[in-house]
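Worksheet for the structure shown next.
We did not get these values from a lab; they are worked out from the coordinates using the rules stated. Everything quoted here is computed from the prediction, not taken from an experiment. Ideal geometry is used to build each Cβ from the backbone, glycine not excepted, and the neighbour counts take in all protein chains shown.
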Amino acid sequence: MRFGYFPGCSLHGTAREFDESLRAISGPLDLDLVEIEDWSCCGATSAHATNHLLSVALPARNLALAEAQGHDAVIAPCAACFNRLAGARHQIAADGALAGRMAGLLGRPFANTVAVKNVVDVLRQLGPAIRGKVVKPLAGLKVACYYGCLLVRPAAVCNFDDPEDPAAMEDVVSATGATPVRWNMRLECCGGGFSIPRTGSVIRLGRAIIADARAAGAETIVVACPMCHSNLDFRQSAMALRGEAPMPVLFLSELVGLAFGLDADRLGMGRHYVSTTPLSAFAQNPPPGKEVR
Amino acid sequence: MARIGVFVCHCGENIARTVDCERAAAALRDLPGVAHAVDYKYMCSDPGQALIKQAIADKKLTGVVVAACSPHMHEKTFRRACASSGLNPFLAEMANIREQCSWIHEDRDAATDKAIDLARFIVEKVKRNVPLETIRIPVERRALVIGGGIAGIQAALDIADGGAQVILVEKEPSIGGHMSQLSETFPTLDCSQCILTPRMVEVVQHPNIRLLAYSEVEAVSGYIGNFAVKIRQKARYVDATACNGCGACQTACIVRKIPSEFDERLGKRTAIYVPFPQAVPNIPVVDRASCAYFKARAKGLKKDACGKCREACSKGAIDFDQVDTFVTENVGAIVVATGYTLYSIGKDQPEGLSGYGEYGYGTIPDVIDGLQFERLASASGPTSGRIARPSDGKEPKRIVFLQCVGSRDPAKGIEYCSKICCMYIAKHTMLFRHKVHDGEATVFYMDIRANGKGYDEFVRRAIEEDGARYVRGRVSRMYRDGEVIKVFGFDTLSGEPVVIDADMVVLATAMRPQRGVQQLAQKLSASYDAHGFFNEAHPKLRPVETNTAGVYLAGACQAPRDIPDSVAMASAAAAKILGLFSKAELEREPTVASVDAAICAGCFQCERVCPYGAVTRVQVRDRLGTVVRVVAEVNPGVCQGCGTCQATCPSKSIELAGFTDEQIWSEINAIVV
Amino acid sequence: MRAPESKIESPGRPSLAEEIRHATGRNPARCYQCGKCSAGCPMAAETSLRPHDVMRLVNLDRRDELLASASIWLCLTCETCVARCPNQCDPAATVDVLREMAVASSCAVPRPIAAFHRSFLDQVQRTGRMFELGLMIEYKLRTGAFLTDITAAPGTVARGKLSFLPHAIDGVKEVRRIFKACEAAAEEGA
């Protein structure tokens, strides 16, 4: 499968491991990720919060570039980028007046033909391929799949899975041999873009999420959004989780990469704030009773 | 030679304010074929009608045109006036110069010209009217009631008490419907079965009622006064004439863990079962899908098949070889009383509806619906009336009740209000508090709709005397957290989020039409709305009739409804039917279609397009009796005079009396010329 | 089955509800104040105006109060309210429109949030992408929060997550033009 690849600003910065792990598993999965040339920021939360037209035009520029570069579909790993790109595509398709303004605003032609996909959706479709490439099934590893907000809501824009009861991430986790747990907070917001301007909210929300994952027996939380990852990983130390063991937070692609037997450093697993060593250790040497079959 | 009388009505100011009626009458007087034209203030009044009668006598009129309001209002009035003067009523027509002229225009001159034209077109039509005679059809004085819940039972009893025969068809093994599942009824807190079962017994003992339980309507043909209904009596595998209701078969049955439908899956039943002890008729039914005997037989193992019930039966009533039987009955009227079912919050939904993922899609065991709570509270229920959690049987100390689950929720596909939930939730809080004195009942509501007699007082009693806590706001989400269910709601009146750790949650789910009701409606040629509720003939003035003559409605099949209103509606339908039956013959308007068999090509497009099933096929034979052609024929008893067949017929061989092509064309020509 | 939207528009200046309806395509009058949005809002514990309060004030035409409130800036656009509203009212889109109106009317925005958005968008305008170090520096300058997260800085660098040099894209002039055009449109009220 070939996709235009929109990394988004964080995948080259604070969420480097998402980019690294995704590229690492793309080979075995025959996933051809062609980075969109000269892509620009999608506007994320800040454009959306202050100027509606800007919040549509910035993503639209990238869709126009993808179009010009011959792509049918674009994959945006960051859930926020995915939501903005998909949102722009959706609004322009629905609003003729808005569509008419785009070419002038962007200074380039734009026909809104490119589909927008997220990583979870694509990996779920590749489920059988994933199963086939698994070298070290993560049998016995209990995983809490955390969707957050922007992957599934609003349903009309994301057009992906049931916004109240999604199963896509669990399907991918199952394909790696790990065990997805049933838990309650998987669709609750982590605090999104408030990591810097209102850290207190992020701490409050993240604490509840991690506590629930732990109560459900999870050994790790898997995410598909750099903001969620940062909020749960970078900010975890401030959550003062009462002497409990830290909860490693993985990107979905890192988990898949682990199951493929890829080297942890190559997957960027050394870059987390909450150490992922217990998990790479798990993959290399499963504890007794959890042997790889 | 035509001698038409034209009468232009002022309708007080309604017409005269915009149309110059005097000028109109004068213009119409000059038309060829018009022998008399006047204007008058109120044609529908007695003096107005007298003008018509006088003119018919004096001027020997051959037709009458009244230019006034809509024929919907007064066509009957003027036709009766003509008839009383000896002029065939179908030689009188109305021209609508009110709704179609004076009420929609402002320019007086233009409106008057238009009024003259409108009347002129009708004059041209009436010149081609022919006298028609009212059609009279015989009436079969028997009624069919479909559905044996409280509405069906009431309708059957009222019709039977009125002296007519009734056939009551019920698809479940017993009559009683949902009312038999209830614990107590609002606002009196009467024991539901105690007030219902006497009626059920009355039905089965009434000499005028023939009860066909565990039966379904298979096909319906015919028309008002003369329906033929084919009914399937499903095989119980028990000989009803031999069975004495002793129950030994149920005691002997080895399959004992089937989720009981009557107990809303909170209790278990056997494979051979009677749904509840007071069932009428008290004859068991074998659930073939669960029965060990039938399962073995399906595998070809007749020798090892169970037969414990047959052994235990001292009357030899078990008959595994029984088959469904069919009877065909002739009835004059049909009452639809199929009742309701409750919306489920599960993931699997019919088209157009969504479930409540935010409430767990029905996977949380202690989140139940209203009927399930009724079974828990009922003394004859699976827990003998003890309120217990389905998950562990423990008594809940804290119950949260949610109103409007599904109802008033366009995002989920149901925009209407289900009417009964505010009342039964209040009742549930009272039942709970009466049984668990230290129990906490919290109700999340948006509005309280308690409109009936004593209803508002009932809800206030729940709050003021029985300690129910009412919180105005909806619940965003709930999930299982260990032993409890965490409920996230909001109190919009005090402006605070409300989070409750509940032991049990009761959802007031929406009332929906019974399953399979669309197929039944199609058999009856009755119309239903997008949700499947039957359509009444007129929402204000004809609530118990449908647009299909002879088919009446009672109860929740038409819209969400409580017991008193269902009973009232059932009695109303019965009254209509007894009125119908009070005449030896039924009169119908003669504006029905008829086929000229000589030129009918036998293409049956008319049959295909007729919404009422009024077209049949008849054979044309020669003198030797050989069939030469099959042509269409219209049943004048069923035809509603819509004219669709006439518009469709390619050979122009079907026409509507009173609206023939010639009549219509003459109007059109008048417009064009 | 549902009654058609009211087509009666009041003469004179459009009400706030009419403006919201025009901008979002949803009729605020559909809100029947059930509170389900507020019951599921992750920020309800921290805001004085919850989503259903915002909808109520929109319907009461309390424009000044809404645009001046801090609550509209605390919305996370998590879209939970949108997913759950029985009448598909879209409180999140309503808040977005109110935010835009607030910016256009120069209403006060809570300082850290204003600083964050401004810093973020400045980075994007400067280079076409969001240069994280630049964002941090500008944010700290705007808010004076120099010490916040300062201890995390070495760790971030050690993990290779912080690049020291911004990388401007070729099409940065395009991006700047888009910014200018959108800001001009917002000023015109388009």
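Data for the structure
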| quantity | calculated |
| --- | --- |
| Calculated FRET efficiency for the pair B:Asn330/B:Ala83, C-beta based, R₀ 41 Å, to 0.05 | 0.80 |
| Calculated FRET efficiency for the pair B:Ala530/B:Asp109, C-beta based, R₀ 56 Å, to 0.05 | 0.75 |
| Hull-based mean projected area of the stretch C:1-128, where the convex hull spans the alpha carbons, in square nanometres | 9.3 nm² |
| Residue order, fewest to most surrounding Cβ atoms within 10 angstrom, among B:Trp103, A:Trp183 | B:Trp103, A:Trp183 |
| A:Asp38 paired with B:His72, simple spin-label distance in nm, labels 7 Å along Cα-to-beta-carbon | 6.6 nm |
| Inverse of mean 1/r across different Cα pairs in the stretch A:183-230, Kirkwood, Å | 11.1 Å |
| Mean shadow area of the stretch B:1-153 over all directions, Cα convex hull, nm² | 12.6 nm² |
| Antiparallel content of DSSP bridges confined to the protein assembly as shown, in %, to 5 | 45 percent |
| Peptide C:25-35 - average C-beta neighbours from other chains (10 Å radius) | 4 |
| Coarse-grained scattering of the stretch B:589-657 at q = 0.13, 0.17, 0.20, 0.22 Å⁻¹, given as base-10 log I(q)/I(0) from a Debye sum over alpha-carbon atoms | -0.33, -0.54, -0.72, -0.84 |
| Beta bridge orientation in chain B: antiparallel %, DSSP, nearest 5 | 50 percent |
| Length-normalised contact order for the stretch B:510-644 - Cα pairs under 8 Å, 6+ apart - percent | 17 percent |
| Sorted by Cβ neighbour density within 10 Å, fewest at the top, the residues A:Phe194, C:Phe179 | C:Phe179, A:Phe194 |
| Per-peptide average of other Cβ atoms within 10 Å, ordering B:501-508, B:424-431, A:165-172 highest first | B:424-431, B:501-508, A:165-172 |
| The stretch A:2-119 - Debye-derived log10 I(q)/I(0), Cα point model, q = 0.21 Å⁻¹ | -1.14 |
| Over chain A: helical MRE at 222 nm, DSSP H runs n ≥ 4 each giving -39500 (n - 2.57), nearest 500 | -13000 deg cm²/dmol |
| Cα-only Debye scattering, the stretch B:400-473: base-10 log of I(q)/I(0) at q = 0.20, 0.21, 0.27 Å⁻¹ | -0.81, -0.88, -1.25 |
| Pairwise Cα inverse-distance average, inverted: Kirkwood Rh of the protein assembly as shown (Å) | 35.6 Å |
| Length-normalised contact order of chain B in % [C-alpha pairs under 8 Å, at least 6 apart] | 13 percent |
| Residue-averaged [θ]222 nm for chain C, counting only DSSP H segments that reach four residues, each worth -39500 (n - 2.57) | -15500 deg cm²/dmol |
| Cut-off 12 Å between beta-carbons: net charge of the residues surrounding A:Leu31, Lys and Arg +1, Asp and Glu -1 | +2 |
| Value at 222 nm in deg cm²/dmol, rounded to 500, when DSSP H runs of n ≥ 4 in chain B each add -39,500 (n - 2.57) | -8000 deg cm²/dmol |
| 10 Å beta-carbon shell around B:Asp596, net charge (K/R +1, D/E -1) | 0 |
| Under 14 Å from the Cα of B:Lys125 - aspartates and glutamates, other chains or at least 8 residues apart | B:Glu93, B:Asp117, B:Asp661, B:Glu662, B:Glu667 |
| Normalised contact order of chain A, rounded percent, pairs of Cα under 8 Å and 6 or more residues apart | 21 percent |
| Greater than 21 Å apart at Cα, pairs in B:Lys234/B:Lys523; B:Lys453/C:Lys36; B:Lys41/B:Lys114; B:Lys230/B:Lys523 | B:Lys453/C:Lys36 |
| Label-point gap, in nm, between A:Ser275 and B:Cys194 - each point 7 angstrom along Cα→Cβ | 7.2 nm |
| Computed Kirkwood radius, in angstrom, where 1/r is averaged over Cα pairs of chain B | 29.4 Å |
| FRET efficiency for B:Ser384 and B:Cys246, using Cβ-Cβ distance with R0 set to 22 Å, rounded to 0.05 | 0.45 |
| Taking the convex hull of Cα positions in the stretch A:203-271, its mean projected area over all directions (nm²) | 4.7 nm² |
| Charge sum, other residues only, whose C-beta stays under 11 Å from B:Glu172's C-beta, Lys/Arg counted +1 and Asp/Glu -1 | -1 |
| Gained length - B:Tyr42 relative to B:Lys486, 0.36 nm times residue gap less alpha-carbon distance | 152.9 nm |
| Cα shape, the stretch B:293-447, gyration tensor, a/c 1.5 rule | prolate |
| Simple spin-label estimate for A:Arg131 and B:Ala26 in nanometres, 7 Å along Cα-Cβ | 9.3 nm |
| Sorted by Cβ density within 10 Å, fewest first, the residues C:Leu133, B:Leu212 | C:Leu133, B:Leu212 |
